[in-house]
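*Asks:* My structure is below; once you've seen it, I'll send some questions.
The values are calculated or read from the model by the stated rules, or taken from the named source; none is laboratory data. The shown structure was predicted, so the numbers you read here are calculated from the model rather than taken from an experiment. Positions of Cβ are generated from backbone atoms using ideal geometry, with glycine treated the same way; all protein chains shown enter the neighbour counts. Ligands, DNA and RNA are excluded from the accessible area calculation, which covers all protein heavy atoms including side chains. Shrake-Rupley method; radii C 1.70, N 1.55, O 1.52, S 1.80 Å.
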Amino acid sequence: TGLWTTANLSQARSVLSATAVGTKVFFAGGFATVPQTVFSVVDIYDNSTGLWSTANLSVARGFLSAATVGSKVFFAGGSSSSSTSSSVVDIYDNSTGLWTTANLSQARSSLSATAVGTKVFFAGGSDANFSSVVDIYDNSTGLWTTANLSQARSALSSTAVATKVFFAGGMVGS
């Protein structure tokens, strides 16, 4: 229609993460500064029904990353405070309606996520130091592997086209 509409999340927050699968859009985690709050809430909008619902991450956190591969959405890493990063990956399977968890190879926040083919990639980020690690989940095998970026960095961007994944920019020092 070319028209814009607005809606409200269940909780006002920043540094949350979003992704979509099927007819559903997911907005997960985040922080509020007044009062200082970390959220585990996941607001879910179903475009086929026009209805909103909520779920919860296993661990409240902001600065997490999100990506979708196949029927699964992934919310990875993040932090629950300025000094505590998470390795938790919350996984929602749209085909079963079930939530499960996994862990990244190292805890970190401000990482980047993207997917191509049957694989989802979680790259870089930081805990006490910047990371070059790329955690890779293969949805066809259910296996996790790792690779490394050319340079350790945080707050980078990523996308995919055809069979290639691109990681760009980011912070490499204070």
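*Asks:* Pop the C-beta distance of ALA32 and TRP99 into the FRET formula with R0 = 30 Å and round what comes out to the nearest 0.05.
*Replies:* Rounded to the nearest 0.05, the efficiency is 0.80.
*Asks:* Here is a follow-up. For labels at MET171 and ALA12 in the simple 7 Å Cα→Cβ model, what's the distance in nm?
*Replies:* Computed distance between label sites MET171 and ALA12 equals 2.5 nm.
*Asks:* Please report the carbon-and-sulfur percent of the accessible area for segment 1-125; probe 1.4 Å, protein heavy atoms only, DNA, RNA and ligands left out.
*Replies:* 54 percent
*Asks:* Among VAL38, VAL120, VAL88, which one shows the biggest mean-square fluctuation in a GNM of the chain, springs joining Cα atoms closer than 10 Å?
*Replies:* Per the Cα network of the chain with a 10 Å cutoff, VAL38 tops the list.
*Asks:* What accessible area per residue comes out for segment 8-150, rounded to a whole number of Å², with a 1.4 Å probe?
*Replies:* 45 Å²
*Asks:* Just to be sure I understand the curve: with the Debye formula and one point per C-alpha of segment 120-174, what is log10 I(q)/I(0) at q = 0.17, 0.23, 0.25 Å⁻¹?
*Replies:* -0.54, -0.89, -1.00
*Asks:* Which value, in Å to one decimal place, does the Kirkwood hydrodynamic radius take for the chain when every pair of different Cα atoms is included?
*Replies:* Taking the inverse mean of 1/r over all distinct Cα pairs, the chain comes out at 16.4 Å.
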